[in-house]
Amino acid sequence: MTDPVLDIQDKPLADALGERYLSYALSTIMARSLPDVRDGLKPVHRRLLFAMSQLRLDPDLPPKKSARVVGDVIGKFHPHGDTAVYDALVRLAQDFAVRYRLIDGQGNFGNIDGDNAAAMRYTEARLTDVARALLDGIDEDAVDFRSTYDGEGEEPVVLPASFPNLLANGASGIAVGMATSIPPHNVDEICDALDHLIRHPGASVDDLVGLLPGPDFPTGGILVEPRDSIMEAYRTGRGGFRLRARWMVEKLVQGTWQIIVTEIPYQVQKSRLVEKIAELLNARKLMLLEDVRDESAEDIRLVLVPKSRNVDPDVLMESLFRGTDLEVRIPLNMNVLDKDNVPRVMNLKEVLRAFLDHRIEVLERRSRHRLGKIDHRLEVLGGYLIAYLNLDEVIRIIREEDEPKAELMRTFTLSDVQAEAILNMRLRSLRKLEEMEIQREHDALSKERADLVELLANEARRWKTVARQLADIRKKFGKTQVFGRRRTDLADAPSAVVIPLEAMVEREPITVLLSAKGWIKAVKGHLADAGEVKYKEGDAARFVLHAETTDKLLVFATNGRFYTLAGDKLPRGRGFGEPVRLMVDLPNDADIVTVMKYEGGRRLLVAASDGRGFIVEEDEVVAQTRGGKQVVTVGEGAVAKACVPADGDHVAVIGNNRKLLVFPMEDVPVLARGRGVILQRYSDASLSDLRAFRWSEGLVWQLGDRTRTEADMSPWKGARGQVGRMPPNGFPKNNRFGE
């Protein structure tokens, strides 16, 4: 024997990997992850239904073991693992996973808590009426077939699909470089849109959305996506939908109440949802909620007990919607395979049009197939009628001739099919009654044939037939049936509900300590004497303020930016805390000017070392990110120097040249950001401190442990932008008004 010839190719590794990965990607896209736009099925689901139809697992027949079904699927059609096939079978049988079940399962097929189905040897399955509608016409040449993976059999390329399964049951899958996510819809509304498209082929997507207003999930819920967003999603084939749980307030004795959740969002595991709420409750992040209980039986009943009967139910639920899966976002990405097996994102009209075109093609193919069957039967019946008219001669030829078939064909001008049929007739068929029945059958088939020929020649009639088929689907699976009624309500987008921080954080007093080197921490309670707090070696106290865990802290830095810290996020305990630079993006060359508690509604007076400043609304300086919010634009060589509440009618400014100036607060403009105006003019000096005060109360400053007040500030009053004069006797040598 000679050695086999080795097919060794000299090729760069990158090219070889690219070719193989492309093959894998195409296989994943076309044969695994993306559904066909015509029947809405992936290959594994299509093979499951076809295998079950071959096993005669019709809805009106007894079911068979799921293991038998899975064995047939992986043995004949789908060369993959049995677990993957059984998981697909289980999902098609779960009424909380698909809107219209394709498989009727008997046994434990899992539940909405996330419990798995029993092993396939314990469960049984058969097809549902919906699946039978998908398979209707499979034996009538309605679709193309291809060889199975081993070449020993054939499988359908697509199912005839008289049921609009893609939109009705949706689909989801992740391929290579692309994905699909189509939520389920109500078949009654789908049929409305399809019927409208048949009658008005030029209808816009907006017209169709008027008839198909949004998804309809098997687990119900409330769709709160704005109408414009829904329109845009269906118009482009990409978008998403906000889905909320359905809830109600249940009144109890003595004015108390509790919230009952009766429906949870699609594909949310109830047990995991309850665990998440309990985790947030234990972490003290749901301060308006007292307890959560799962009292579900066959229906869902989650009980949410408020902390107090004075709690607003809407505020409580809004906090839960934001923090848990009681509200989810269902993506829409209508990426499907078209009839040419090309993946692309379609809009709503294109998906509906593709289904209708498929129905027309199936109708034409089934009509031609039936026409062929009728022609064959008419040919046979024609031979029978000739035989009855010449019965004695036919009997003689059969009895006496050596080759009766050829003699019959020659004598009566019969075709091969007709002669073969006559020779295969039974003697009991030679009754006169049988001749009459054959004539009636011949007439009926001739009439049916003429009708089919006219149908194939008349496009308008074909569309009417498709519309009539859709009406039958609507009658069997639409809103006239209990399971066909819409389950997901459509509601207006929720208005902005303001959630107090107390709903998420437990309110308790804290003392915030920020050291000279920028280490911050919070200790429980309001310390009367912060002098006993220990700092790192070489460090010391700088800012001490009393606050609560629900407060926000405003940190103003020399770079002119405001940073926001949450009181409940500050490091706690007996340690030295953490560097504030780890909590906000404070540059290394910037220092902290001041720290204050955010109170809301106030005005702040800010200034830089070059003597320029302005008033800013406190609500405008709250930062939403670690990077802070730029408010003061510092000039070259200057730094942000001061930030104080603008709660007076006059401003006192002092520079490090020991010149004090007082002027009216009304001379300072209110800005959102910028450099501001000149508050005090300097030549070889810079701003040291400023303060707002009321003229009637005089100017107050701190001198050691004592407080001094200068009642008459007339000598220092001037116009904004002047130089000023020396301060009163006893003013601090550090040129500051005090902390």
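Annotations for the structure displayed:
- Kirkwood estimate for the stretch 599-739, i.e. one over the average of 1/r between Cα atoms, Å: 15.4 Å
- Here's the picture: a label point sits 7 Å out from the Cα of Q269 along the beta-carbon direction, and within the stretch 102-120 the residues with their amide nitrogen under 12 Å of it are 111-117.
- The chain, relative contact order in percent, only Cα pairs under 8 angstrom and at least six apart counted: 9 percent
- Based on alpha-carbon atoms, the Kirkwood radius and the radius of gyration of the chain give Rg/Rh equal to 1.21.
- Overall dimensions of the stretch 41-160 as given by Cα atoms, namely Rg and Dmax in Å: 13.7, 43
- Environment charge of N458, counting only residues whose C-beta is closer than 13 Å and scoring Lys/Arg +1, Asp/Glu -1: -1
- Principal-axis analysis of the Cα atoms of the chain puts helix 391-400 at an angle of about 80° to the longest axis.
- Estimated translational D of the stretch 246-325 in µm²/s (Stokes, Kirkwood radius over Cα pairs; 20 °C; 1.002 mPa s): 167 µm²/s
- Here the stretch 41-160 is treated with +1 on each Lys and Arg Cβ and -1 on each Asp and Glu Cβ, and its dipole about the Cα centre works out to around 320 debye.
- Each Lys and Arg contributes +1 and each Asp and Glu -1, all at the Cβ; summed about the Cα centre of the stretch 599-739, the dipole is approximately 440 debye.
- Gyration tensor (alpha-carbon) shape descriptor, the stretch 73-230, a/c threshold 1.5: oblate
- Semi-axes of the equivalent ellipsoid for the stretch 92-145, Cα gyration tensor, largest first, Å: 27, 13, 8
- Highest mean packing first, where packing is the average number of other Cβ atoms within 10 Å per residue, the peptides 264-270, 307-313 line up as 264-270, 307-313.
- Top positive-direction residue, dipole computed over the chain with Cβ charges, set V394, G202, P509: P509
- Look at the dipole of the chain built from charges on Cβ: of I230, A406, G648, the Cα furthest out on the positive end belongs to G648.
- On Cα atoms only, tilt of 82-93 relative to the major axis of the chain in degrees: 90 degrees
- Volume of the Cα convex hull of the stretch 194-282, divided per residue and given in Å³: 151 Å³
- Computed over the stretch 246-325, relative contact order equals 31 percent, with contacts defined as Cα pairs under 8 Å that lie 6+ residues apart.
- Shown here for the stretch 116-194: chymotrypsin sites (Phe, Trp or Tyr not before Pro) in loop regions (DSSP other than H, G, I, E, B) with at most 15 other Cβ atoms within 10 Å, namely Y122, Y149.
- Share of pairwise Cα-Cα distances greater than 14 Å in the stretch 167-236 is 65 percent (whole percent).
- Summed residue charge, Cβ within 11 Å of V634's Cβ, Lys/Arg positive, Asp/Glu negative: +2
- Restriction of the trypsin sites (Lys or Arg not before Pro) in the stretch 498-600 to DSSP coil positions whose beta-carbon has at most 10 other beta-carbons within 10 angstrom yields K534, R574.
- Segment R468..F483, full-extension length gain: 3.2 nm, with 0.36 nm per residue of separation and the alpha-carbon distance subtracted.
- Candidate aspartates and glutamates - alpha carbon under 17 Å from K717, same-chain residues fewer than 8 apart omitted: D649, E666, D667, D689, E697
- Simple rule: put +1 on each Lys or Arg Cβ and -1 on each Asp or Glu Cβ in the chain, find the dipole, and look at I103, A522, L570; the Cα lying farthest toward the positive end is A522.
- Applying both filters, DSSP loop and at most 13 other Cβ atoms within 10 Å, to the chymotrypsin sites (Phe, Trp or Tyr not before Pro) of the stretch 660-722 eliminates every site.
- 0 to 90° range, to nearest 10: angle between helix 187-199 axis and the chain longest Cα axis: 70 degrees
- Placing unit charges on the Cβ atoms only, positive for Lys and Arg and negative for Asp and Glu, gives the chain a dipole magnitude near 2700 debye about its Cα centre.
- In the structure shown, the pairs K349/K475; K64/K339; K42/K65; K42/K373 are assessed against 29 Å; a Cα-Cα span above that value is assigned to K64/K339; K42/K373.
- Residue exposure sequence - R428, R126, R322 - by fewest surrounding Cβ within 10 Å: R428, R322, R126
No lab work stands behind these numbers, since they all come straight from the coordinates. Since the structure is predicted, the reported quantities are computational estimates derived from the model, not experimental observations. Neighbour counts run over all protein chains shown; Cβ positions are idealised from the backbone, glycine included.
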